[in-house]
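Enquirer: To start, I am sharing the structure in question, which I have written as structure tokens.
The values are calculated or read from the model by the stated rules, or taken from the named source; none is laboratory data. In this text the structure is predicted, and so the values were computed from the model without any measurement. Here the Cβ is made from the backbone with ideal geometry for all residues, glycine too, and neighbour counts use every protein chain on show.
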Amino acid sequence: MQAEARIMRIVDPILAELNQEAEATRRLLDIIPEDKLDWRPHPKAKSLGELAMHIAILQGNVAELGNEDIRDVSDIPRNDPTAESREQISRTHSESLEKAKQIVAATGDQKAVGGWQLNKDGQAVISMPRNAFWRTVLLNHFYHHRGQLTTYLRTLDVPLPSVYGPSADTNPFA
């Protein structure tokens with residue numbers, strides 16, 4: 001008797017990518033210097049602790065946001081919690097990642113390709129399929145902020161781990 005071929009769901013590549021990228025994110029969050037959480041590279045920039053908490057909560061919040069069909073900008077919190085410790089950042093990231101994976105995994109194909117919309121004052125400002133929103137914000141937007149974090153850490157002279165290959169400090173292939 002042959003095993004049945006598993007049919008890939010639309011959300012499966014998103015889930016695979018969430019899992020694949022989680023370890024690189026953990027490596028970065030684990031080296032954040034706790035004595036520098038208030039440091040910021042520019043007065044207009046987030047502090048290191050604010051950026052780290054934004055990264056930590058982003059995926060769970062975005063998955064939850066994308067789980068709805070229509071959302072108004074006024075309903076989206078504007079400020080992230082302030083980081084008090086590296087342990088808090090790590091715990092928040094783990095919880096947020098699990099929340100994102102649960103929401104995405106529970107999404108059927110029809111809902112995944114269904115419309116998602118963000119309104120402002122009752123008018124659509126963004127409209128796209130849900131899976132496109134998750135690809136754009138749950139993943140790509142997340143990577144943008146993770147890249148910012150590497151720049152912050154480099155500026156603070158924190159040796160960087162590998163993310164996609166060797167860093168100037170770490171060569172996983174050596």
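Enquirer: State all residues of region 51-87 that are part of a helix (DSSP H, G or I), closer than 20 Å to R27 by Cβ and either touching a residue at least 12 places away in the same chain (Cβ under 8 Å) or basic (K, R) (or both); if no residue qualifies, say none.
Expert: Hits for region 51-87 are L51, A52, M53, H54, I55, A56, I57, L58, Q59, G60, R86.
Enquirer: A further question on this structure: Name every residue in region 88-116 that is of a type outside the set (S, T, N, Q) and in contact (Cβ under 8 Å) with a residue 60 or more places away in the chain, in order of residue number.
Expert: I89, H93, L97, A100, K101, V104, A105, G108, D109, A112, V113, listed by residue number.
Enquirer: Please work out if G147 is part of a helix (DSSP H, G or I) and under 24 Å from L51 (Cα atoms).
Expert: Considered against the rule, which asks whether it is part of a helix (DSSP H, G or I) and under 24 Å from L51 (Cα atoms), G147 comes out as yes.
Enquirer: Being of a type in the set (S, T, Y), modelled with pLDDT of 95 or more and surrounded by fewer than 18 Cβ atoms within 10 Å (Cβ to Cβ) is true for just one of S85, S74. Which residue is that?
Expert: S85
Enquirer: So, one more: I need a count of the residues in region 83-113 that are of a type outside the set (K, R) and within 17 Å of the chain's Cα centre (by Cα).
Expert: Residues flagged as of a type outside the set (K, R) and within 17 Å of the chain's Cα centre (by Cα) within region 83-113 amount to 16.
Enquirer: Restricting attention to region 110-131, which residues are surrounded by 14 or more Cβ atoms within 10 Å (Cβ to Cβ) and in a helix (DSSP H, G or I)?
Expert: K111, A112, R130, N131
Enquirer: Scan region 111-167 for residues that are among the hydroxyl-bearing types (S, T, Y), touching a helix residue (DSSP H, G or I) at 6+ places or on another chain (Cβ under 9 Å) and at pLDDT 95 or above and jot them down.
Expert: Y143, T150, Y152
Enquirer: Scan region 149-166 for residues that are in contact with a Pro (Cβ under 9 Å, 6 or more places away or on another chain) and surrounded by 16 or more Cβ atoms within 10 Å (Cβ to Cβ) and report the count.
Expert: 4
Enquirer: Of these, K101, K44, which one is out of contact with any strand residue (DSSP E or B) (no Cβ under 9 Å at 6 or more places or on another chain) and either in a strand (DSSP E or B) or loosely packed, with under 14 Cβ neighbours inside 10 Å (or both)?
Expert: Exactly one of K101, K44 is out of contact with any strand residue (DSSP E or B) (no Cβ under 9 Å at 6 or more places or on another chain) and either in a strand (DSSP E or B) or loosely packed, with under 14 Cβ neighbours inside 10 Å (or both), namely K44.
Enquirer: Where residues in region 1-15 are more than 17 Å from the chain's Cα centre (by Cα) and modelled with pLDDT of 95 or more, which of them is nearest to F133 (Cα to Cα)?
Expert: Result: I10.
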